[in-house]
Amino acid sequence: MANSVNISIEAPIENQIQEITYDGQEIYQAPLSMSENLARLAQKIDFSKSEDEYCNIKKEGETSVEVKSDEDSKEAGYQSSQWPWESVRNKLRNALTEVCVLADVLSIAKEKRYMVLDPVQPEQVENRPMVQVYGRKKALAAAAAVLMAGVDRLRASETMRTARNMPDFHIDLLRLRQNWRLKKGSTGIVGDLSYRTAGSKFNQTGVFEVTKAAEEATAGAGAGGGAALRVAVPPELQGVAFISVLCQKEVVCGAEQEEVATAAAGGAAEAELALHWQQRLEAAQNVLFCKELFARLAAEAVQLDASIPHMVVGNQIMATVLPGIQLLIGLCHNNGQNNSNTHPESVKAEGAAGGKSEHDHVLEHSLHQLLRAVHHANTHHPFPHPATGPLGPSKRRCVAGTHSLHTTLAAHYTRCTLHSLHTTLAAHYTRCTLHSLHTTLAAHYTRCTLHSLHQLLRAVHHANTHHPFPHPATGPLGPSKRRCVAGPMAADRYELLEMSKEQSLLEQIIQQAQHFFMRRRSEYVLDTIAKEVKDPLIVSHWNALNSPTQSCVKINIMAYGYDAVCRTSLVVHVGEKTLKCICRDGRVRHLSYELQELRDLIYCQIYQHQMTAVQAVGRCMGWQLLASSSHLGSGPVEPLGNASSCLLASPNGDRMIAIRCEPSVGIQVFIAQSPRKDFFASELVQDKKWENLGGAFKEIKLEKMEGKNFLNKMELLMACLSSPS
C-alpha cells in the first residue's frame, strides 16, 4: 500500500477535435446526423466495380470464413457483407439500364431513320347477327322463366291465403305503421309506445318488436281472424293496468286493495296472448301511461308540504281530503305473472260485504285529463313565443327617447295628410337653415337693427353647440334594453315567480276530490230534507255545466198549488271546502264543510218561506197584515234559528189570526174574534165598546184540519173566518 501509484483514466474521445484555443480549450466536432452519416457511407460505394469482381471478393470472404474454427462460427451467428449497399447499387444499375433502353426506343421511333412503327390490324371477326339474336332471346327466355316461376308461387300463395282466409303480413304491417311509430333496426322492425312526441318526459321506454307470425300459427288462426304479425311487448308493460281512486272514511290496507285489484284483473291477463296486436299495443301503452301518472303523483306527494303529510306506500298514495276522509290513489297492474285463484265475482262480493268504497271513474278520468294537459303544455307554448321577436320599442327608438322625431312625425301624420306633412317639414327646414335665417332677416330688416342681426346669428351658433337637456350623449332615454325586450308590462322577479307557480297534479286532484265530496254531501242533505219535509216542496236544480272544482245548485221552496203565489229561491255555490249561499233577500252566507250548517240554513229558509207565503195568501184573501217579525224576542231560545210570527186581520176586522213559527216546534196558529162573547161590564169598564178589542187567542190543531198542505188549510181558515157570522 506504501508504493501505490495514482493512475489517471480518461474516456476515449468519441468526436474529433476541431480546434484548440489559446487557453487550451478543445472544441470537438458535432456528431453527424443520420442524413449526414448516410451521405458519408454512400460516398464509400464504388459503383465502377463489376459483378464479377464482387463475386470474387465474396468467394474470398467465404473461403476465409470456412478456415475459421467451429467455435468462432458458433459465436458469430451473422456476419455482415463487405458490400452493404449491394442491393441499392443493383437496383440503381437496373433502373439506369431500363431508362437507357427507353431513351433509345423513343429516339428511334421519333426520328424514323432506322425504324417505322405501323399499327397492326387485328383479325376481323365474322359478324353473325342471328347468333346475337338467338343469344339475347335465350337470355330473355331464362329471365322470363324466373319471373313466371315467382308469379306462379305468388299466385299459389295468394290463392291458398284466400281459400284459408289467412291475413297478409304486409297489409297488417301497413296498418300497424299507420297507427304506431315504427323504424327498421339492425335486427328487425321496432316501434315506440311512449308519449314523448306528445310532450311526455317519462324516462321509461316503450319499445316493442314486430315479427312475422309463423305459417302454422297464421294458418290455424286464419279461420278465427288472426294476424300475420306478432308484437313483442316488454314484460313490464304486459297485462292490464289502471289507476284506482277511492274516497272513503276508513283507511284500507294498501296490500289488501292491491290484492283485490290484481284478482279482478287476473282473468284479462290470462287471455292477453290471444288478443289482437292492436289491442295488445293499446293495453301496453295504457300501462305505460298509468305508470307515468302514478310516478308523477308519488313524486309530488313526497315534495308537497301539506298540513297532514301525504303517504306513499308501495303502489298506493294516501292523502287527506277533509277531516276524517282520505283519498286513496293506487296503481293496479297485473302482468299475468302472479297466481290468483280468486274469481272476480267473489272479490267484488267480498268488497261489497266489507263496506268498501267503489272506484271513482270520474276522478280517474280527471287524472288522465290532467296528465294529458301537461303533455299538451310541454309542446304548445302560449303566444307570443319567445322566439317570435322582442316586445316593446326597438333599440334605436329607446336611444332616441320618448320624444323622438319619429313620435313627432307620427303625431303630425295623424293630424295632416302627406302633403301637409311635407309642407310642415319644409317650413321647419327653412326656419332651421342659414338660408332661411337670412331670408327671415331680410324680411324683417326694417324692424331690426344690425345689432339684432349679430345677436340672432350668435344665437344660432349657440344652439348648434348647446343642446337642451338631456343630452343624447348622457345615456339612452326610456327603458333599458332588457326592459324593451320584456315589453311594456314587464314583470319583476317576484311577479315572474308567482306566475311560474302552478298547481301540481296531486293538488288539483285533491281539490277535485274535495269538491266531489262537498257536492255529494250537499246532494245528500238536500235529498234528506226533501224526504223529511213534505210541506213545502223542495226542488233542487243542479247546473249541468260545472267546473271540476265549482258547481252550482238552485233550490226552489214552494207549496203545491201555490207556486204562483209565493216561491223562495236560493242559490248555493259548492266549492272545495266551503259553501256560498245567496238567499232571496240578497244576503250571502258562507258555510263550512259541516253538513249541519247547510241543514240549518235550509230549515230556516223553509220556515221563512211559510211565513211569507201565509202573508201572500192573506193579501189574496183580503186580509190585512197587522204585524210581522222574523226575530221574536218572546218565548224560549231556539237552538236553531229564530222564531218568527205574523198577525193578520179579516176584512171586517172582527177576526184575527196569529201565526208563530218555531224551527224546533213547528208552526202554531191562533185565532181571536170580536166582539168578545165573555165581555161583562164592570165598575172600571162600563162602556160596551171595549168588547170589540177581541178575546183571548185560541190555538187551532192544524193536523185535524182538511187541506193538502199548510197554505191550503190557512186559505180555508181565512175563508171561514171571512164569512159573515
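For region 511-623, what does the alpha-carbon gyration tensor say about shape, rounded, prolate or oblate, given a ≥ b ≥ c as the root eigenvalues, a/c under 1.5 as rounded, and a/b over b/c as prolate?
Prolate, because a/c is 1.5 or more and a/b exceeds b/c.
For ILE308 and SER592, what is the calculated FRET efficiency with R₀ set at 25 Å and r taken between the beta-carbons, to the nearest 0.05?
Computed FRET efficiency for ILE308 and SER592: 0.90.
Based on the mean of other beta carbon atoms within 10 Å per residue, what is the order of 174-186, 703-715, most packed first?
703-715, 174-186
Could you run the Karplus curve 6.51 cos²θ - 1.76 cosθ + 1.60 with θ = phi - 60° over region 284-296 and give me ³J(HN,Hα) per residue in whole Hz, x for Gly and Pro?
5, 5, 5, 4, 5, 5, 5, 5, 4, 5, 5, 5, 5
Which pairs in the list LYS554/LYS698; LYS554/LYS708; LYS580/LYS713; LYS249/LYS580; LYS501/LYS577 are over 29 Å apart, alpha-carbon to alpha-carbon?
From the list (LYS554/LYS698; LYS554/LYS708; LYS580/LYS713; LYS249/LYS580; LYS501/LYS577), the Cα-Cα distance tops 29 Å for LYS554/LYS698; LYS580/LYS713.
How far apart, in nm, are the 7 Å Cα→Cβ label points at THR159 and ASN37?
So the label points at THR159 and ASN37 sit 8.7 nm apart.
Would you calculate the separation in nanometres between label points at THR320 and ILE171, each defined as 7 Å from the Cα along the Cα-to-beta-carbon direction?
6.2
Could you report the accessible area of SER592 in Å², rounded to 10, computed with a 1.4 Å probe on the protein chains as they sit in the structure?
Answer for SER592: close to 40 Å² accessible.
The values are calculated or read from the model by the stated rules, or taken from the named source; none is laboratory data. Since this is a predicted model, take the numbers as computed values, not measurements. Note that we place each Cβ from the backbone using ideal geometry, even for glycine, and neighbour counts take in every protein chain shown. Only protein heavy atoms, including side chains, enter the accessible area calculation; ligands, DNA and RNA are left aside. Shrake-Rupley method; radii C 1.70, N 1.55, O 1.52, S 1.80 Å.
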